[in-house]
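The values are calculated or read from the model by the stated rules, or taken from the named source; none is laboratory data. From a predicted model like this one, the values you see are computed outputs, not experimental measurements. With ideal geometry, Cβ positions are generated from the backbone for all residues, glycine too; neighbour counts draw on all protein chains shown.
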Amino acid sequence: MVQIRSKRELAAMRKSGELTSRVLFELTKHVKPGVSLLELNNIAEELTLSFGAKPAFKGYLGFAHSLCTSVNEHVVHGIPSERKLAEGDVVGLDFGLVFNGFFGDSAVTVGVGKISDKARKLLQITKDSLYAAIDASREGNTLKDIAKAIEQTVKPHQYGIVREFVGHGIGTRLHEDPQVANYEAGASNLKLKAGMTIAIEPMVNEGTHRVRVLGDKWTVTTDDGGLSAHYEHTIAITDSEPEILTNWTMVLDEAKTTQDIEIIKKGAYGQRGSNPS
Ligand code: MG
Ligand code: MG
């Protein structure tokens, strides 16, 4: 059943969303050549606990970590390991937490050092498709309109949209109804109503849309070994503009250090707009 949140519940989700985006912003600052995926996981976990929140993924269906780290051809659900990031890699960071009983879930794909033009373009188009989907998330529209917005953004570039994994309702559980597909044929005609809270998360491959799961039973990889990108926001449908609950605005407003400002100047991955060059 699709839940409609009260004002009080939406306020709680706004807080969970804010904490989620704070963790992702902090992680983004640590992405550089030589950092290991496990180090990023530990930063996410420690920061989450310091907020009095709990990581949402740890223990979920047996997942042992707090963060999903998916490098290059890995699409989603990559397990943090001792692997060190290298110049030119792209890493998907997917993170969720629960605070006061409500969940936040968000993902960004971040370039490590200088990345290729084709990688930068894939990241940009994937992020653009997320924001197009958010713009389409209006009362009276349907889940098909969300999927259509993603497809229309991605299609002209001949990229593949992953079908097996989709967005979802979110609230007092990490994954709730409805499923939010990223391609029109997979999406339902369910009408969006004010008070619905959903996580939209396009996964886009530079080549085939086909994916498979590695022997670790978690890591999803592109079938052709091509690059993949993933962006996600938790949003609320309202009676006017959609509200991004995991937006970075508050984090960015408070940025004071040179390093913070540097990231903002580079284009702030979680925000609408261009990616770092
Ligand atoms: Mg996520
Ligand atoms: Mg999600």
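When you check D94 against the structure, is it closer than 18 Å to L245 by Cβ and of a type in the set (D, E), yes or no? Judged against the criteria, D94 is a match.
For the stretch 17-34, the criterion of being over 13 Å from the mean Cα position of the chain (by Cα), modelled with pLDDT of 95 or more and more than 18 Å from N247 (Cα to Cα) is met by at least one residue. Within the stretch 126-133, is even one residue within 15 Å of ligand 1 (Cβ to nearest atom) and among the acidic types (D, E)? There is no residue in the stretch 126-133 that is within 15 Å of ligand 1 (Cβ to nearest atom) and among the acidic types (D, E).
Exactly one residue out of E87, E9 is modelled with pLDDT of 95 or more and either among the small types (G, A, S) or in a helix (DSSP H, G or I) (or both): that is E9. Do we find a residue being within 16 Å of ligand 1 (Cβ to nearest atom) and surrounded by 19 or more Cβ atoms within 10 Å (Cβ to Cβ) anywhere in the stretch 188-196? For the stretch 188-196, residues within 16 Å of ligand 1 (Cβ to nearest atom) and surrounded by 19 or more Cβ atoms within 10 Å (Cβ to Cβ): absent. Selection within the stretch 92-101: residues that are surrounded by fewer than 24 Cβ atoms within 10 Å (Cβ to Cβ) and assigned to a strand (DSSP E or B). The member of this set that is nearest to ligand 2 (Cβ to nearest atom) is D94. When L123 is tested against (1) within 15 Å of ligand 2 (Cβ to nearest atom); (2) surrounded by 17 or more Cβ atoms within 10 Å (Cβ to Cβ); (3) in a helix (DSSP H, G or I), just one condition goes unmet, and that condition is (1).
Can you say whether T69 is within 14 Å of ligand 1 (Cβ to nearest atom) and farther than 30 Å from R5 by Cα, as far as the supplied structure shows? In short, yes.
Of all residues in the stretch 242-265, those that are more than 15 Å from ligand 2 (Cβ to nearest atom) and modelled with pLDDT of 95 or more total 2.
A single entry from G195, G140 fulfils the requirement of being in contact (Cβ under 8 Å) with a residue 60 or more places away in the chain, away from ligand 2 (no atom under 15 Å from the Cβ) and more than 19 Å from A56 (Cα to Cα): G195.
V112 meets the stated requirement of being more than 16 Å from ligand 2 (Cβ to nearest atom), among the hydrophobic types (A, V, I, L, M, F, W, C) and buried (at least 20 other Cβ atoms within 10 Å of the Cβ). Do the conditions hold for S21, that is, is it more than 14 Å from G101 (Cα to Cα), assigned to a helix (DSSP H, G or I) and among the polar types (S, T, N, Q)? Yes, satisfied. Cβ separations smaller than 7 Å between residues 6+ apart or across chains give the following pairs from the stretch 69-91 residues that are touching a residue at least 24 places away in the same chain (Cβ under 8 Å) to residues that are of a type in the set (F, W, Y): V76/F165; H77/W218; I79/W218.
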